[in-house]
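Scroll down for the structure; my scribbles are underneath it.
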Amino acid sequence: GAADLMYINISGENEGMQQLLDEGTVQMLRARSDMGEGSPILAAVGQLQFDVVQSRLLNEYSAESTLEPLPYTIARWVTNGWEAVEKAEPLYNVFVAKDRWERPVLLFNNDWGLKNLMDKHPELELDPWAFAPDVE
């Protein structure tokens, strides 16, 4: 299914976002080169989850936030890691992101982009959603 992807800008305290991420309400991605200074990208299934995030940030943490849609609708986690991504590069019309555990996530504009990549690079193991790694 399609993921909804939005840049989020949060004013003030960021502890609320951490809490929502820990609960798994949404996933947070960043551009591959972003060391924490850019706007995070939120991945959610459906607009409703963004509404929930925004209202909880406001009501529980008094943090205003604005959302900015991205032109990507499909997110895929590369389960065989950065090495596989690097071997497949350059990737065209694909936004290379990472999740909060530094795992590679590829963002596509449409199904065609995803199918095209899978045809060209069958060695990439792509998953529509990744759960938090087991913390020992």
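Note down the net charge around Pro40, summing +1 for each Lys or Arg and -1 for each Asp or Glu among other residues with Cβ under 10 Å from its Cβ. Provide the component values of the computation, followed by the final result.
Numbers: positive: Arg30, Arg100; negative: Asp34.
Overall, the nearby charge balance is +1.
Is the shape of the range 19-88 best called rounded, prolate or oblate, per the rule: a/c under 1.5 gives rounded, else a/b larger than b/c gives prolate, else oblate, with a ≥ b ≥ c the square roots of the Cα gyration tensor eigenvalues?
Numbers: a/c = 2.20, a/b = 1.98, b/c = 1.11.
Here the range 19-88 falls in the prolate category.
What are the ³J(HN,Hα) values, in whole Hz, obtained from phi via the Karplus relation 6.51 cos²θ - 1.76 cosθ + 1.60 with θ = phi - 60°, for each residue of the range 55-72 in sequence order, with x given for Gly and Pro?
Rounded to whole hertz, the list is 6, 5, 4, 6, 6, 9, 10, 6, 10, 6, 9, 10, 10, 9, x, 9, x, 9.
Give a residue-ordered list of calculated ³J(HN,Hα) values for the range 25-39 (Karplus: 6.51 cos²θ - 1.76 cosθ + 1.60, θ = phi - 60°; whole Hz; x for Gly, Pro).
4, 9, 9, 10, 10, 9, 4, 3, 8, 7, 8, x, 8, x, 6
Quick one: length gained pulling Val45 to Ala84 fully straight, 0.36 nm per residue minus the C-alpha distance?
11.4 nm
Using only Cα atoms, what is the ratio of the radius of gyration of the chain to 2.2 N^0.38 Å? Kindly include the intermediate steps, with their values, before the conclusion.
Working: Rg = 15.1 Å, N = 136, 2.2 N^0.38 = 14.2 Å.
Taking the Cα Rg and dividing by 2.2 N^0.38 Å, one obtains 1.06.
Considering only Thr25, Thr66, Thr79, give the residue with the highest GNM mean-square fluctuation for the chain, with springs between Cα atoms whenever their separation is below 10 Å.
Taking springs between Cα atoms under 10 Å, the residue moving most is Thr66.
Given the options Pro90, Pro40, Pro104, which has the most mean-square fluctuation in a GNM of the chain, springs set between C-alpha atoms less than 10 angstrom apart?
The residue that fluctuates most here is Pro90.
Could you list which residues have their amide H under 5 Å from that of Asn109, counting only those 5 or more apart in sequence or on another chain, with H placed in the peptide plane?
Thr73
Just the accessible area per residue of the chain, please: how many Å² with a 1.4 Å probe?
Numbers: 7740 Å² over 136 residues.
I get 57 Å² per residue for this part.
The values are calculated or read from the model by the stated rules, or taken from the named source; none is laboratory data. This structure is a prediction, so every number in the text was calculated from the model and none was measured. Neighbour counts are summed over all protein chains in view; Cβ atoms, including those assigned to glycine, are modelled from backbone coordinates with ideal geometry. Remember, those area values only see protein heavy atoms, side chains included, never the ligands or the DNA or RNA. Shrake-Rupley method; radii C 1.70, N 1.55, O 1.52, S 1.80 Å.
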